C-alpha cells in the first residue's frame, strides 16, 4: 500500500514539475547578442530561459541532430571554437553525412549567460531542447524528425525531451546515449562534495580535474591538442543548476538552499514513465578512465530499450489478441532476445570524451549511422512479426 501511494504521489509530481501551457512551452525569441560569441552561435530566450545555440543546416529531408552536453559543459565541445580544426568535432562529421546540426547549451555559470537559473530542472531542459529544435526546424523548413545525442549527464533528459518533442509536433526517432547516464536519480556515486556557488548553482571543481585528464588523454590519442585547456576551462565549463546533478544528489533548489527530494527528482526526470521513453541506442568508450560508462551503459539503458519495443509495438497487439501460431511466437521471442544482444549498442575507442577529436568524432558519426539503420530494421522486423498476432 505504501508503494502504491509512493507511485501515485510521484505521478502527481510529474504532472506538476516544470509544466507550462502549450503556448508558453514553445516561446523562442532572439536576444541581443553579447560579445564573445563564436561564429554561428546565437543566444536565444527559450521559455524565458537563455539558451546558447549553434545551428548548421544540412539536407532538409534528413533528421536534425541535436547535441545535448553533460554537466558543467556547453555544447561548444561538440562544434569547436575559432582557430580550432573543425574535423575534431562532431558537427563537422555530421555535416559531411548531410545532417543538420544543433548544439543546444542549457544555462550554466559560464560568462556567456547574463544570469543564473538555479531552479532550472530536467523538465525545463527537455522543453528547452525541444522548443529550440522546433524553432530552427520551422525557420529552415526542415524535416520534423530529430535525433538527440545526450552526452554524460545529458542522458537525464531522454524522457523529458521525448515528451516535449511529441507535444511540439516533432518526430524524435532516436535518442543516442554518448557515455550517458539514464534518468535515474542517485544512480551515480557522489565523487566529492557538491556545494552551492554564490549565484545558487552547484559547484564541483573536483570534476574539472577529471575532465582535464580525460581531455588530455584524447589529445594524446589524436596526436595534437584539440583545444588548449585554459580555453576549454573558460569557454566551455561552468557551474550547473543542482537539479541536473540529480543522478548524484537527487536535489532541487528552493529558497536559497539545496533540498534533497527523491520523489521530486523521480518526477523531474520521468524515471517511472517506462511507457513514454524514446527509442534508445548507446555508444560508449573503451578506456578504464571512463570505467563506469564502459562497463554499465549497455545494461543501464537496456531496460528502456526493451520496454520501448515491448510497450510500443508488441503489447498493443497482444492486448487485442493472444492467438499466435507457435512458430510465429518463437520468432518474436527470438527477436526480443536479439534486441538485448548488443545490436543497439556500439563502442568507439576513447574515454568519456571518445567523440572529441578527429578519430573519435568521425567514428562516432559512423556508429550513429550504423545504429540508426540497425534500430530501424529491428523495429520494422518486430512490427512485421507482431502482424502475425491473431493468427493460428
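Before moving on, here are some points about what is shown:
- Nearest 10 degrees, 0 to 90: helix 358-386 Cα axis against the chain principal axis: 20
- Between the Cα long axis of helix 122-140 and the first principal axis of the chain there is an angle of about 90°, rounded to the nearest 10.
- Relative contact order computed over the range 2-386 (Cα-Cα under 8 Å; 6+ residues apart), in percent: 18
- Stokes-Einstein D (µm²/s) once Rh is taken as the Kirkwood radius of the range 40-178 over alpha-carbon pairs, at 20 °C in 1.002 mPa s: 145
- Calculated diffusion of the range 27-87, Stokes-Einstein form, Kirkwood radius summed over Cα pairs, 20 °C and 1.002 mPa s, µm²/s: 162
- The value for the chain of Rg(Cα) / (2.2 N^0.38 Å) is 0.97.
- Available extension along the chain between residue 318 and residue 31 is 98.3 nm, counting 0.36 nm per residue and deducting the alpha carbon span.
- Order of 323, 127, 273 - criterion: other Cβ atoms within 10 Å of each residue's Cβ, fewest first: 323, 273, 127
- Proxy reagent accessibility, fewest Cβ within 10 Å first, across 46, 388, 249, 337: 337, 388, 249, 46
- Long-range Cα-Cα pairs in the range 229-371 (distance over 27 Å), rounded percent: 44
- Relative to the dominant Cα principal axis of the chain, helix 158-167 is inclined by about 80°.
- Cα centroid of the range 224-250 to Cα centroid of the range 273-337, whole Å: 32
- Between the alpha-carbon centres of the range 75-127 and the range 174-223 there is a gap of 16 Å.
Each reported figure results from applying straightforward, stated rules to the coordinates on display, with no laboratory input. Quantities reported herein were computed from a predicted structural model and do not represent experimental measurements. Glycine also receives a Cβ, built like all others from the backbone with ideal geometry; neighbour counts cover every protein chain displayed.
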